[in-house]
Amino acid sequence: MPKGTRKREGAGQALPAEAAGRAAPSGDRESRYLATSLPIIIWTTTAAGSMDYLGDEVERYAGRPKEEFLGDRWAALIHPGDVDRVTEAARDAMRAGEPFRLHVRLLGADGEYRWFAAHAGPQRDSSGAIVRWWGNATDVHDFHLLHEEVSARAAERDGILESIGDGVFGTDHDLRVTYMNGSAEAAINQTREEFVGRVIWEALPDVTDTEAEGFYRKALAGQPQHFERYNERLDRWFEVSAYPSEYGVTAYFRNVTAFKTLADQYAQSQRLEAIGQLTGGIAHDFNNLLTVVVGGSESLASEPGLSNEAQEIVGLISQAALRGADLTHRLLAFARKQALQPEAIDLGIAMKHFTALLERTLGEDIAITSRVEADLPLAEVDASEFENAILNLAINARNAMPDGGTLSLDARGLVLEEGDSAPESEVLPGSYVVVSVSDTGDGIPDEVLPRIFEPFFTTKSHGEGSGLGLAMVWGFAKQSGGNVTVYSEVGVGTTFRLYLPVATEGQPATAPAPAPATSGRAATSGTGHHVLLVEDDRLVRRFAADRLRSLGYVVTEAGSGPEALEVLESIPELGLLLTDVIMPGGLSGRDLADAVVALRPGTPVLFASGYPEDLIVHDGKLATGVDLLPKPYTGSALAERVARAIARHDSDQGGLFERAEAQPRRDGADVA
């Protein structure tokens, strides 16, 4: 190294020793030329940050002598809104001894500010100590404005994509996810961090080697694709549209599970309608034939001089004809083409008179209980067909309880309003008398439920049943202007509910008894009350949670007893436990209630069950006096019962559940 020079650490070149501490940078002629001729503002500062050199470009840009900006006067060149940011960045860099970069606005000769990209780095001596800072600023105004415009457009695009309800994601040409909107996150229960940056097959492994993989590859090849896909992990149906793009593939999808459920219900209803039209037509023609057979056999039977053998044959013909007539009657009932004679009747009285017949019909091993709501409104139905429907349901219940059990009859008034019947989506809004027939039998498997109302469909052995009993009940309910629903759990039992219209003519119907009044804010609003909702059925849970939140309650959801106890720790003040009775996870609703009340003494408890209260109490499944909300329930019934339970707790801090606990539980039975 030549005498009189030393290496400039960090800059990669030698500087004259005598110039190392001077205010102006030194070097060869080429370096000096570059520093003064390039359209870049060059500067240096002392180790302490005082500006000691500025290149000539600053004079050309600012229109002022560069000496005006030396020392601590450099701030006069910077936009007032950027001074603090630049000062802080410089201080941080000096403390760390590291270079810094930022964009800053500098004042030009025309009085306007332009954006510059500024960069500075330290120069160190042989010992590593910083002796000065070298910096430059490059005009990037046009680039900065373009970047802002691009960013604004990108933000606008993101805002649009984030606002739509459909899930959207984009991929590159390797089908690696590059974008995902919020609706997509919610639909597939995955965050952007989990999804973006991964190939579709990694993010959605269940798509690999399926038809869906082929759809995405075709979209990548330039062919738009539209398909439906069931996600087993989420138990959801999705409708997907995938389009080729300049960058890869853009896909739009939406959760169509609810729509498909409704479509399946509609298809089932249409299928029953079509079968009804067919069977109704056959039954009508068959009735004409039976008229001849029945009339002919009756005439033959009255002929004098018939031998005993002939009389016996005529008797057999008559019996067969009567059985055929009963068959057509059931077919016509299913097809809703029978001749009904509706009248305003008190179904409570009818059920009371009918109970004795059921006791004789069902046998001693079937216990029958009956409960009728006070002031039950009159129903407009055909009395004889109503009795036939109840008899068919009772016989069906008996067959489900080969070892005996309990049959419960229940009658109550119900008013369904628009948007109030999510759990009973097939029942139209209106005023009904609801008659429930419940058993403690085997229950109906899920795969059988969709077909139970089809004519001639039966799970009995050949020759043990026609398969028309439930079809007749369905037809009777429909033709009467009502409906029939079923709730069943295998190994627990089944509840059929007949929704029959309230009478509009004849003797005026008595209005249902008003619900007990509630007081305080719970009567009109859930504000201030926290409800722990425990329900294993996802749809019912979502319906109940949405309805309660719309009333102002704070709702925490859980799908099982163990999950409920886990989330309980995060609830500072629990206003109500609303829990199903029979749940998976090894913890029943009763067990959960015991645990919650032990942890939070005085907490009110409201149970929800698909069986009438007297049935559960008769089986010893629920302690006497515990509040019960029967399933399926309406939104208004849910609101009223929750408000009542909370209001009762507010007026008596002892709590509903503790009052129930004071009563002995029959036979020591637990809720199952």
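Apart from one condition, H147 fits all of (1) open to solvent by 60 Å² or more (accessible area, probe 1.4 Å); (2) under 25 Å from the mean Cα position of the chain (by Cα); the exception is (2).
Within segment 178-200, restricting attention to residues that are open to solvent by less than 70 Å² (accessible area, probe 1.4 Å) and polar (S, T, N, Q), the residue that is nearest to E239 (Cα to Cα) is S183.
Out of (1) more than 15 Å from V437 (Cβ to Cβ); (2) in a helix (DSSP H, G or I); (3) at pLDDT 85 or above, what's the single condition that is false for R360? Single failed check for R360: (3).
Would you check if A118 is of a type outside the set (K, R), part of a strand (DSSP E or B) and open to solvent by less than 30 Å² (accessible area, probe 1.4 Å)? Yes, satisfied. In segment 150-171, of all residues being open to solvent by 30 Å² or more (accessible area, probe 1.4 Å) and hydroxyl-bearing (S, T, Y), the one that is farthest from S183 (Cα to Cα) corresponds to S151.
Each residue in segment 115-129 was checked for being over 15 Å from T44 (Cα atoms) and either without any contact (Cβ under 8 Å) to a residue 24 or more places away in the chain or of a type in the set (F, W, Y) (or both), and 4 pass. Scanning segment 595-613 for residues that are modelled with pLDDT of 90 or more and surrounded by fewer than 21 Cβ atoms within 10 Å (Cβ to Cβ) yields A595, V597, A598, L599, R600, P601.
Inspection of segment 424-432 identifies at least one residue that is in contact with a helix residue (DSSP H, G or I) (Cβ under 8 Å, 6 or more places away or on another chain), surrounded by fewer than 19 Cβ atoms within 10 Å (Cβ to Cβ), among the acidic types (D, E) and touching a residue at least 12 places away in the same chain (Cβ under 8 Å). What about N181, is it free of Cβ contacts under 8 Å to residues at least 24 places away in the same chain and not hydrophobic (A, V, I, L, M, F, W, C)? Spelling it out, N181 is indeed free of Cβ contacts under 8 Å to residues at least 24 places away in the same chain and not hydrophobic (A, V, I, L, M, F, W, C).
Of the residues making up segment 358-386, those that are touching a helix residue (DSSP H, G or I) at 6+ places or on another chain (Cβ under 8 Å), open to solvent by 40 Å² or more (accessible area, probe 1.4 Å) and free of Cβ contacts under 8 Å to residues at least 60 places away in the same chain are T361, S370, V372.
Looking across F453, F457, one residue alone is farther than 25 Å from S550 by Cβ, under 30 Å from the mean Cα position of the chain (by Cα), open to solvent by 10 Å² or more (accessible area, probe 1.4 Å) and at pLDDT below 85. It is F453.
Scanning segment 387-420 for residues that are in a loop (DSSP other than H, G, I, E, B) and open to solvent by 10 Å² or more (accessible area, probe 1.4 Å) gives A400, P402, D403, G404, E417, E418, G419.
Criterion first (out of contact with any Ser or Thr (no Cβ under 6 Å at 6 or more places or on another chain) and of a type in the set (A, V, I, L, M, F, W, C)) does A109 satisfy it?
Taking the combined requirement at face value, the residue satisfies it.
Give L592, L629 a once-over and let me know the one that is buried (at least 17 other Cβ atoms within 10 Å of the Cβ), in a strand (DSSP E or B) and either at pLDDT 65 or above or among the basic types (K, R) (or both). Every option except L629 fails the conditions. Taken together, the residues in segment 151-201 that are modelled with pLDDT under 80 and not hydrophobic (A, V, I, L, M, F, W, C) amount to 7. Using the structure shown, decide if D546 is in contact (Cβ under 8 Å) with a residue 40 or more places away in the chain, part of a helix (DSSP H, G or I) and acidic (D, E). It is false that D546 is in contact (Cβ under 8 Å) with a residue 40 or more places away in the chain, part of a helix (DSSP H, G or I) and acidic (D, E).
Could you list, in sequence order, the residues of segment 564-589 that are part of a helix (DSSP H, G or I) and open to solvent by 20 Å² or more (accessible area, probe 1.4 Å)?
L565, E566, V567
Can you name the residue in segment 294-316 that is modelled with pLDDT of 80 or more and hydrophobic (A, V, I, L, M, F, W, C) and, of all such residues, is most open to solvent (accessible area, probe 1.4 Å)? This residue is L316.
Reported count of residues in segment 380-403, each being in contact with a strand residue (DSSP E or B) (Cβ under 8 Å, 6 or more places away or on another chain), farther than 16 Å from V490 by Cα and small (G, A, S), is 3.
Taken over segment 77-115, the criterion of being open to solvent by less than 50 Å² (accessible area, probe 1.4 Å), in a helix (DSSP H, G or I) and farther than 17 Å from G135 by Cα is satisfied by D82 alone. Entry remark, segment 244-261: residues being in contact with a Gly (Cβ under 9 Å, 6 or more places away or on another chain) and free of Cβ contacts under 8 Å to residues at least 60 places away in the same chain number 1 in total.
Considering segment 229-256, and only residues there that are of a type in the set (D, E) and open to solvent by 90 Å² or more (accessible area, probe 1.4 Å), the residue that is farthest from the chain's Cα centre (by Cα) turns out to be E246.
The values are calculated or read from the model by the stated rules, or taken from the named source; none is laboratory data. None of the values given here were measured: they were computed from a predicted structure. Using ideal geometry, Cβ is built from the backbone for each residue, glycine included, and neighbour counts are taken over all protein chains shown. All accessible areas refer to the heavy atoms of the entire protein, side chains included, with ligands and DNA or RNA removed. Shrake-Rupley method; radii C 1.70, N 1.55, O 1.52, S 1.80 Å.
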